[in-house]
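The values are calculated or read from the model by the stated rules, or taken from the named source; none is laboratory data. Predicted model only: the values in this text are computed from it and were never measured. Note that we place each Cβ from the backbone using ideal geometry, even for glycine, and neighbour counts take in every protein chain shown.
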Amino acid sequence: MGVFEDDFVQPGRLLDESDEAYWGRVQRASDRVEAVTEGAIAPAPPNPPVCPECGLEADRFPTLSQAWVLLEPLDPVNVLPAHFVPPRQRWLINSDGVAWNPWNAEPTEGAQCRISHTVACPGIEPPDLWPWLTAMREENARRAQRLFNPPRTPTLAKVEMPDVG
Ligand SMILES: [Zn+2]
């Protein structure tokens, strides 16, 4: 699945575009990529709030970055204690019905949140929920490899110079 592979590509500047217009456009494009990496990939209304990957219905909310996110329905999942949910996967709903994701912010004691359908979808390869831990594991794998396969130290071979004189 390609849904988590969207990288941000800074848009090119249009001819005669003001700084403000250009950077506004860059901001909107990066917000959109951010929304996608958080799982905000729901079909917009008037399409039904159905996951295009598995066909299950979920609760759809607009996000702060003008995307749409499908959150796992409250029945049977219910809200979760925020400290049970990995960073960047904690979704909150504002009083105006807009969903947002506090990214790596430490949850306050007793905080609750919802999760996006994408992390629970049977049709989508799950994202790396702990990327810093994955990076640490990969670095440890490299370190362990060096223990057992130490790099060859260059040997200084005696080179016989041909007698040219
Ligand atoms: Zn799904």
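Scanning the range 89-135 for residues that are of a type in the set (A, V, I, L, M), more than 14 Å from the chain's Cα centre (by Cα) and closer than 17 Å to L70 by Cα yields L92, I93, V98, A99, A120.
Only one of the numbered conditions (1) more than 16 Å from E38 (Cβ to Cβ); (2) crowded, with 18+ Cβ neighbours inside 10 Å is violated by S95, and that is (2). Taking residues in the range 120-133 that are aromatic (F, W, Y), and partners anywhere that are part of a helix (DSSP H, G or I) and surrounded by fewer than 13 Cβ atoms within 10 Å (Cβ to Cβ), not one pair has Cβ atoms closer than 7 Å while being at least 6 places apart or on different chains. Being modelled with pLDDT under 80, outside any helix (DSSP H, G or I), surrounded by fewer than 14 Cβ atoms within 10 Å (Cβ to Cβ) and over 18 Å from the mean Cα position of the chain (by Cα): is that true of P11 here? For P11, the condition - modelled with pLDDT under 80, outside any helix (DSSP H, G or I), surrounded by fewer than 14 Cβ atoms within 10 Å (Cβ to Cβ) and over 18 Å from the mean Cα position of the chain (by Cα) - is met.
Looking only at the range 80-134, count every residue that is farther than 24 Å from G55 by Cβ, in a helix (DSSP H, G or I) and not hydroxyl-bearing (S, T, Y) and tell me the total. Looking only at that region, the number is 6. Of the numbered criteria (1) part of a loop (DSSP other than H, G, I, E, B); (2) away from the ligand (no atom under 16 Å from the Cβ); (3) modelled with pLDDT of 85 or more, the one P150 fails is (3).
Filtered by the rule that a residue be in contact with a Cys (Cβ under 6 Å, 6 or more places away or on another chain), within 16 Å of the ligand (Cβ to nearest atom) and small (G, A, S), the range 71-128 gives a lone residue, G123.
The residues listed here are E38, E20, E53; of these, the one that is at pLDDT 90 or above and either farther than 16 Å from T118 by Cβ or within 16 Å of the ligand (Cβ to nearest atom) (or both) is E53.
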